[in-house]
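First comes the structure, then the notes that go with it.
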Amino acid sequence: MTLMQKAITPALTRAILTAGHDRVAGYVVRAEDVAFATTPAQLFEVHGLGYYGSPFSPYDRSIDVLRFESSPQLQYRDVPGYILPLWWLRHSRIPPGAELVRIYDNGSQTLLARYGDVGTGWTVAQLGAPRPALASLSRCVGPVAKWHGAYLEADVVDGGHTVVMALANPPLAETGFHQAPSGRWYRRVAREDVTELFELDLTARWNGLSVRVVDQWQDSQRYVVARISHLGDDIDRAENLQLDRVEAGVYEAVVYAAELTDIQTNQVVPHTWAPGPAAHQHHAVRS
């Protein structure tokens, strides 16, 4: 696996360390390509952090980066004028084993937290620091496993040999689930015990903008709402529609599901997730 690196905004670091946020999106580089960048000023340059409205500065005392193994949601981007190979990561669950690292202006670095998997969540490295809260699960983002006839949020670990399945609440009938310190219930099974394994990629258009649906729920009036994340390069349209700009190129919003059009469901099944048949069950936004 290739180790990737992404600069993390201060707001995202706070969300990880306090709320257990387990999503990420935006521009990513290979860690080996930027191994020479060991100060905030160098990171500012190699990660292209001087974009309009950026929370970063080359004079920052520290900058945080996320290091993680490559994801099926990575897409190579040929960006004119950028000196390093660059990838775009669509809104995704953070891959298992990812590390959040703080790099200081004296060249030193400190591990802030490590993400185990969907079952265990984040573990803060600092002794005595409070454990982050638990992020909500979403079947719209991250691997999904079919096990004993049920679809569960999952992660693939141990080089593809093991599947970690997660539940937000205690299982009603199945045994063998354990409660992580985070509060989530999880169970590890062999890949062969899972009959289907895929990541749902649910895309749509909203006011002409190509988006990925990353969450859905019912509001207080029982209307179905969805969190959408912008796809593609139509930055002007995303700005004109007043989506929330999370960082460079990353725009998101919460909208009514009924406003979505051209809904398509696809399933991402990397070859490393074999064996086992590809899934045929499609899920769509409820309306």
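Within the stretch 232-253, how many residues turn out to be among the small types (Gly, Ala, Ser) and loosely packed, with under 14 Cβ neighbours inside 10 Å?
Here the count works out to 1.
Those residues that are touching a Ser or Thr at 6+ places or on another chain (Cβ under 9 Å) and over 15 Å from SER229 (Cβ atoms), I need them from the stretch 75-95; list them, please.
TRP87, PRO95
Give all pairs with beta carbons closer than 9 Å in which a residue from the stretch 254-272 that is open to solvent by 90 Å² or more (accessible area, probe 1.4 Å) meets a residue that is charged (D, E, K, R); count only pairs at least 6 apart in sequence or on separate chains.
TYR256/ASP219; ASP262/ARG205; GLN264/ASP201
Can you find a residue in the stretch 52-63 that is in a strand (DSSP E or B), at pLDDT 90 or above and either more than 12 Å from the chain's Cα centre (by Cα) or among the small types (Gly, Ala, Ser) (or both)?
Within the stretch 52-63, one or more residues are in a strand (DSSP E or B), at pLDDT 90 or above and either more than 12 Å from the chain's Cα centre (by Cα) or among the small types (Gly, Ala, Ser) (or both).
Do you know which residues across the stretch 56-68 are in contact (Cβ under 8 Å) with a residue 40 or more places away in the chain and surrounded by 13 or more Cβ atoms within 10 Å (Cβ to Cβ)?
Listed by number, the residues that qualify are PHE56, ASP60, SER62, ILE63, ASP64, VAL65, LEU66, ARG67, PHE68.
Scan the stretch 34-75 residue by residue and report those that are of a type in the set (Asp, Glu) and within 26 Å of GLY142 (Cβ to Cβ).
ASP64, GLU69
Right, PRO85: over 22 Å from TYR251 (Cα atoms) and either under 14 Å from the mean Cα position of the chain (by Cα) or surrounded by fewer than 18 Cβ atoms within 10 Å (Cβ to Cβ) (or both) or not?
Yes, satisfied.
Just to be sure, is PRO72 touching a strand residue (DSSP E or B) at 6+ places or on another chain (Cβ under 6 Å), buried (at least 16 other Cβ atoms within 10 Å of the Cβ) and at pLDDT below 95?
Considered against the rule, which asks whether it is touching a strand residue (DSSP E or B) at 6+ places or on another chain (Cβ under 6 Å), buried (at least 16 other Cβ atoms within 10 Å of the Cβ) and at pLDDT below 95, PRO72 comes out as yes.
Only residues that are open to solvent by 10 Å² or more (accessible area, probe 1.4 Å), under 14 Å from GLN109 (Cβ atoms) and either touching a strand residue (DSSP E or B) at 6+ places or on another chain (Cβ under 8 Å) or not in a helix (DSSP H, G or I) (or both): list them for the stretch 8-46, please.
Residues satisfying the conditions are ALA31, ALA35, PHE36, THR38, THR39.
Go through the stretch 174-231 and give me each residue that's surrounded by 14 or more Cβ atoms within 10 Å (Cβ to Cβ), of a type outside the set (A, V, I, L, M, F, W, C) and free of Cβ contacts under 8 Å to residues at least 40 places away in the same chain.
Listed by number, the residues that qualify are GLU174, SER210, ARG227, HIS230.
The values are calculated or read from the model by the stated rules, or taken from the named source; none is laboratory data. Only a predicted model underlies this, so the values are computations on that prediction, with no experimental measurement involved. Positions of Cβ are backbone-derived with ideal geometry, glycine not excepted, and every protein chain shown enters the neighbour counts. Note: accessible area is taken over every heavy atom of the protein model, side chains too, but ligands, DNA and RNA are not part of it. Shrake-Rupley method; radii C 1.70, N 1.55, O 1.52, S 1.80 Å.
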